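First the structure, in the form of structure tokens, and then the observations on it.
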Amino acid sequence: MLDQVNMEKLDTLEGELDHFADLLVAVVDAGASIGFLPPLGREEARAYWQSVNSPEVILRAARSGERIAGTVQVHLCTKPNGSHRAEIAKLMVHPDYRRHGIARQLMLEAEHEARLANRSLLVLDTRDGDPSNLLYQSLGYIQGGQIPFFARSETGSLDATNLYYKLLDEGLSGRQL
């Protein structure tokens with residue numbers, strides 16, 4: 001039975017690095033295409049999380065007790081011509097917590113954070129064929145394109161990535177793109 005999962009915004013990872021490293025190692029070992037290849041060492045995972053804290057990154061986490069069940073990042077664009085957009089990054093749910101709606105809830109939390117930051121356009125990418133494609137489509141993300149041979153898999157094959165976007169401001173949909 002799944003324990004209560006609480007969503008929270010984290011401003012720091014102080015005292016949390018081991019929990020986040022465990023999550024990253026587990027999802028990479030389970031085949032997630034999030035920039036790393038298995039086997040991922042715990043020190044490499046810790047080093048990654050140490051680099052995440054910055055003012056333009058909003059980190060949301062799903063916690064079950066002391067365990068981090070999942071996480072997502074919202075990267076706010078800091079370029080003058082991109083102050084209306086953000087990128088969804090590193091959506092991950094620990095294999096023990098999958099198929100319970102945590103990824104969907106994390107995405108809704110990320111969209112809420114983007115709106116609070118006055119962002120009207122979200123973008124993301126994900127490996128072609130991964131189940132995450134169905135999640136993003138069910139949340140209203142539109143596939144804007146595909147890049148072949150984008151990411152190397154653990155077997156050495158080069159996989160395509162799908163590019164998605166979502167307009168958070170209804171008024172934008174009628175504008176010329």
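The values are calculated or read from the model by the stated rules, or taken from the named source; none is laboratory data. Fair warning: this is a prediction, and the values are worked out from it, not measured in the lab. Quick reminder, even Gly has a Cβ in these numbers, built from the backbone with ideal geometry, and neighbours come from all protein chains shown.
If you go through the range 151-169 and pick out every residue that is in contact (Cβ under 8 Å) with a residue 24 or more places away in the chain and either outside any loop (DSSP other than H, G, I, E, B) or farther than 20 Å from Val74 by Cβ (or both), you end up with 13.
In summary, Ser54 fulfils each of the numbered conditions (1) over 26 Å from Ala114 (Cα atoms); (2) at pLDDT below 95 with the single exception of condition (1).
You will find that of Asp159, Asp169, the residue that is modelled with pLDDT of 95 or more and over 17 Å from the mean Cα position of the chain (by Cα) is Asp159 and no other. Return a yes/no flag: does the range 76-98 have any residue that is modelled with pLDDT of 95 or more, acidic (Asp, Glu) and over 29 Å from Ser153 (Cβ atoms). Checked the range 76-98: no residue is modelled with pLDDT of 95 or more, acidic (Asp, Glu) and over 29 Å from Ser153 (Cβ atoms). Restricting to the range 14-24, name every residue that is buried (at least 19 other Cβ atoms within 10 Å of the Cβ) and under 12 Å from Ala47 (Cα atoms). Matches in the range 14-24: Phe20, Ala21, Leu24.
A count restricted to the range 103-119 and to residues that are among the polar types (S, T, N, Q) and assigned to a helix (DSSP H, G or I) stands at 1. Any residue in the range 89-110 that is among the β-branched types (Val, Ile, Thr), farther than 22 Å from Met7 by Cα and under 16 Å from the mean Cα position of the chain (by Cα)? No, the range 89-110 has no match at all.
Of all residues in the range 134-166 being hydroxyl-bearing (Ser, Thr, Tyr) and farther than 23 Å from Leu121 by Cα, which is surrounded by the fewest Cβ atoms within 10 Å (Cβ to Cβ)?
Within the range 134-166, the match that is surrounded by the fewest Cβ atoms within 10 Å (Cβ to Cβ) is Thr155.
Taken together, Leu24, Leu91 contain a single residue that is part of a helix (DSSP H, G or I) and either basic (Lys, Arg) or in contact (Cβ under 8 Å) with a residue 24 or more places away in the chain (or both), which is Leu24.
Of a type outside the set (S, T, N, Q), modelled with pLDDT of 95 or more and over 14 Å from the mean Cα position of the chain (by Cα): which single residue out of Ala62, Ala26 fits that description?
It is Ala26.
Closer than 16 Å to Val27 by Cβ and in contact (Cβ under 8 Å) with a residue 40 or more places away in the chain - does that describe any residue in the range 103-118? Yes; the residues of the range 103-118 include at least one that is closer than 16 Å to Val27 by Cβ and in contact (Cβ under 8 Å) with a residue 40 or more places away in the chain. Filtering the range 114-151 to residues that are among the basic types (Lys, Arg) and over 14 Å from Leu163 (Cβ atoms) leaves Arg115, Arg119. Is it the case that Val57 is at negative phi, touching a residue at least 12 places away in the same chain (Cβ under 8 Å) and touching a strand residue (DSSP E or B) at 6+ places or on another chain (Cβ under 9 Å)? So Val57 fits the description; yes. Among all residues of the range 34-50, there is none that is crowded, with 18+ Cβ neighbours inside 10 Å, touching a strand residue (DSSP E or B) at 6+ places or on another chain (Cβ under 6 Å) and assigned to a helix (DSSP H, G or I).
Checked against the criterion of being at pLDDT 95 or above and in a loop (DSSP other than H, G, I, E, B), the candidates Asp130, Asp125 yield just one match: Asp130.
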